[in-house]
Amino acid sequence: MFKTFKEDVKSFMDHDPAARSPIEIIFLYPGFKALQSHKRAKWFLNHKMPFIARYISQRCAHKTGIEIHPGATIGRRVCIDHGNGIVIGETTEIGDDVMIYQGVTLGGTGKDIGKRHPTIESGVMIGSGAKVLGPITIGHNAKVAAGAVVVRDVEPNATVVGIPGRVVRMNGERLDDLDQIHIPDPVMNAIKENQDEISRLKEKIKLLEERK
């Protein structure tokens, strides 16, 4: 248990350049507090004490602005940056080394039964304000850009942007240097492609007219 606790602290130190010391993270970081609170709530839920588990999660939500259902499964070294407004549903499954920014919703669509919430595999980054909805899977090392709304499965190493979420790839390779600002815009890319095609067609029409 202590080893896992140290891993969690180190994960925050590694991901947040503003973190000055482990003590600061333990006592002042709402994301860290929410994850530790979730572990306690999960323990009570697993030991058939759902009321206490729910009480812990709701008290944590009131104090931190981060609501994690006790039934959610969360892996190791997960980091929640700032975290205000995050909601993680009951049947959500999160792997190891996942980065989650503020305002993220890992929720349901209201139409599914049983497994209602997403599965987030290891190494995923989910940007600020993103919504991942339904029993879908976000593959290993994928990136969900800020503000994206994702309702379909995402392949490993892919990047999703926009509403609804669209997968964007560069030469079929993972975008290791992608941040939350310099993100390809699939809508603008499509507009540019259409403009280029229109320009090519105009050139063809012009050549045909000159041959008459």
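The values are calculated or read from the model by the stated rules, or taken from the named source; none is laboratory data. Quick caveat, the model's predicted, so the values are computed rather than measured. With ideal geometry, Cβ positions are generated from the backbone for all residues, glycine too; neighbour counts draw on all protein chains shown.
Of (1) among the aliphatic types (A, V, I, L, M); (2) under 22 Å from E7 (Cβ atoms); (3) assigned to a strand (DSSP E or B), I56 satisfies all except one. Which?
Condition not satisfied by I56: (3).
Could you tell me whether any residue of segment 76-96 is surrounded by fewer than 17 Cβ atoms within 10 Å (Cβ to Cβ) and in a helix (DSSP H, G or I)?
No; the residues of segment 76-96 include none that is surrounded by fewer than 17 Cβ atoms within 10 Å (Cβ to Cβ) and in a helix (DSSP H, G or I).
Considering every residue within segment 42-52, establish whether at least one is in contact (Cβ under 8 Å) with a residue 12 or more places away in the chain, surrounded by fewer than 21 Cβ atoms within 10 Å (Cβ to Cβ) and within 23 Å of the chain's Cα centre (by Cα).
Yes: one or more hits.
(1) closer than 24 Å to K10 by Cα; (2) surrounded by 19 or more Cβ atoms within 10 Å (Cβ to Cβ); (3) among the charged types (D, E, K, R): which one isn't true of K131, the others all being true?
That leaves (1) as the condition not met.
Would you mind stating whether V167 is modelled with pLDDT under 90, of a type in the set (V, I, T) and in the same structural domain as I66 (by TED's automatic domain parsing)? So that I can check it myself, show each step before the final result.
Working: modelled with pLDDT under 90: yes; of a type in the set (V, I, T): yes; in the same structural domain as I66 (by TED's automatic domain parsing): yes.
Spelling it out, V167 is indeed modelled with pLDDT under 90, of a type in the set (V, I, T) and in the same structural domain as I66 (by TED's automatic domain parsing).
Would you point out which residue out of P22, P70 is in contact (Cβ under 8 Å) with a residue 12 or more places away in the chain, farther than 20 Å from I120 by Cβ and not β-branched (V, I, T)?
So the residue among P22, P70 that is in contact (Cβ under 8 Å) with a residue 12 or more places away in the chain, farther than 20 Å from I120 by Cβ and not β-branched (V, I, T) is P22.
Take F32 and decide whether it is part of a helix (DSSP H, G or I), touching a residue at least 60 places away in the same chain (Cβ under 8 Å) and touching a strand residue (DSSP E or B) at 6+ places or on another chain (Cβ under 9 Å). Give the steps one after another, and end with the answer.
Details: part of a helix (DSSP H, G or I): yes; touching a residue at least 60 places away in the same chain (Cβ under 8 Å): no; touching a strand residue (DSSP E or B) at 6+ places or on another chain (Cβ under 9 Å): yes.
For F32, the condition - part of a helix (DSSP H, G or I), touching a residue at least 60 places away in the same chain (Cβ under 8 Å) and touching a strand residue (DSSP E or B) at 6+ places or on another chain (Cβ under 9 Å) - is not met.
Among the numbered criteria (1) out of contact with any Ser or Thr (no Cβ under 7 Å at 6 or more places or on another chain); (2) modelled with pLDDT under 95; (3) buried (at least 24 other Cβ atoms within 10 Å of the Cβ), which single criterion is violated by K143?
That leaves (1) as the condition not met.
Considering only residues of segment 53-66 that are of a type outside the set (A, V, I, L, M, F, W, C) and surrounded by fewer than 20 Cβ atoms within 10 Å (Cβ to Cβ), which is nearest to the chain's Cα centre (by Cα)? Can you show your working first?
As a first pass, look at segment 53-66 and keep what is of a type outside the set (A, V, I, L, M, F, W, C): 54-55, 57-59, 62-65.
Pick out the ones that are also surrounded by fewer than 20 Cβ atoms within 10 Å (Cβ to Cβ) and you get 54-55, 58-59, 62-63, 65.
Numbers: R54: 23, Y55: 25, Q58: 22, R59: 23, H62: 22, K63: 22, G65: 17 Å.
This residue is G65.
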